[in-house]
Amino acid sequence: MKRFKTFTCMVLMCLMALSFAACGNKENEDQKDEIDYCKDVKENEITFYSDGSILEIAVVDMSDLKDTADLSDYVKTQVAGYNKAAGVDKISLLQFKEEGKTYKTAIKYSDLETFNKFNGYDFKLSIYNSQDIDTITGTSATLTDAENGKTVGSAEIKNEGLMMFTFDEKYLVKVEGGKILYTAHGAEKYGDGALYNETEDLAVVLFEFK
């Protein structure tokens with residue numbers, strides 16, 4: 001995928017920065033680790049919250065990485081610099097977890113714009129409009145009902161206030177305090193979320209908050 005290498009590199013750097021910071025502040029580490037955000041997470045996932053914030057759990061195989069000594073200071077500077085420029089802490093590094101050669105991070109973003117800027121992505125979130133999804137697919141779009149698996153045309157969806165999330169990286173998408181209603185293009189229902197299956201150049205998920 002076109003930005004996966006950039007994303008992976010950033011995650012690796014974040015992991016090293018967290019490791020470095022943890023050595024100097026055991027008390028803060030214990031406080032953050034009270035909640036195991038990464039428990040049972042097997043692949044990258046993002047969770048939307050009704051206040052607009054996003055929790056990202058990144059799962060990275062670091063078995064091929066030999067030298068990480070130069071990464072920690074860089075990431076600390078990047079995170080601190082982003083928050084300083086914003087005038088408020090818009091990114092929070094909540095947890096890192098080592099499982100053999102696999103590392104996991106839990107990172108909270110204040111909003112999708114912050115998530116995109118920090119990771120170099122161009123994911124989009126908007127109120128659902130059938131014309132928008134038809135433009136993406138190049139024709140009258142067909143979506144899959146996440147509850148019963150039936151297909152519906154884009155114009156048939158009349159729910160007011162549905163959110164449409166468009167993305168092109170392999171994430172499992174979840175909604176806290178809500179649910180995924182429809183998937184389209186390269187997205188498919190997966191457990192209580194929706195996963196980009198990489199069959200198309202991007203994926204579309206429609207969800208609502210209860």
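For the listed peptides 190-200, 147-157, a ranking on the average number of other beta carbons within 10 Å per residue, highest first, reads 190-200, 147-157.
Going by a ≥ b ≥ c, the root eigenvalues of the Cα gyration tensor, does region 73-157 fall in the rounded group (a/c under 1.5), the prolate group (a/b larger than b/c) or the oblate group? Prolate. With R₀ set to 22 Å, the beta-carbon distance separating Lys124 from Glu208 gives a calculated FRET efficiency near 0.80.
With R₀ set to 35 Å, the beta-carbon distance separating Ile35 from Gln78 gives a calculated FRET efficiency near 0.90.
I need the Kirkwood Rh of region 132-206: take the reciprocal of the average 1/r across all distinct C-alpha pairs and report it in angstrom. For region 132-206, the Kirkwood estimate is 12.3 Å. Once backbone amide H atoms are built at 1.01 Å from N, Lys170 has no partners under 5 Å, excluding neighbours fewer than 5 places away on the same chain. Under the criterion of Cα pairs below 8 Å and six or more residues apart, the relative contact order for region 91-210 equals 20 percent.
Calculate the FRET efficiency for Thr199 and Ser92 from the Cβ-Cβ distance with a Förster distance of 30 Å, rounded to the nearest 0.05. E(calc), rounded to 0.05, equals 0.35. So what J values fall out for region 137-144 if you push phi through Karplus, 6.51 cos²θ - 1.76 cosθ + 1.60 with θ = phi - 60°, rounded to Hz, Gly and Pro as x? With coefficients 6.51, -1.76 and 1.60, one gets 7, x, 7, 5, 6, 10, 10, 10 Hz.
None of the figures in this text is laboratory data; all of them are computed from the coordinates on show. Everything numeric here is computed off the predicted structure, so don't read it as measured data. Note that we place each Cβ from the backbone using ideal geometry, even for glycine, and neighbour counts take in every protein chain shown.
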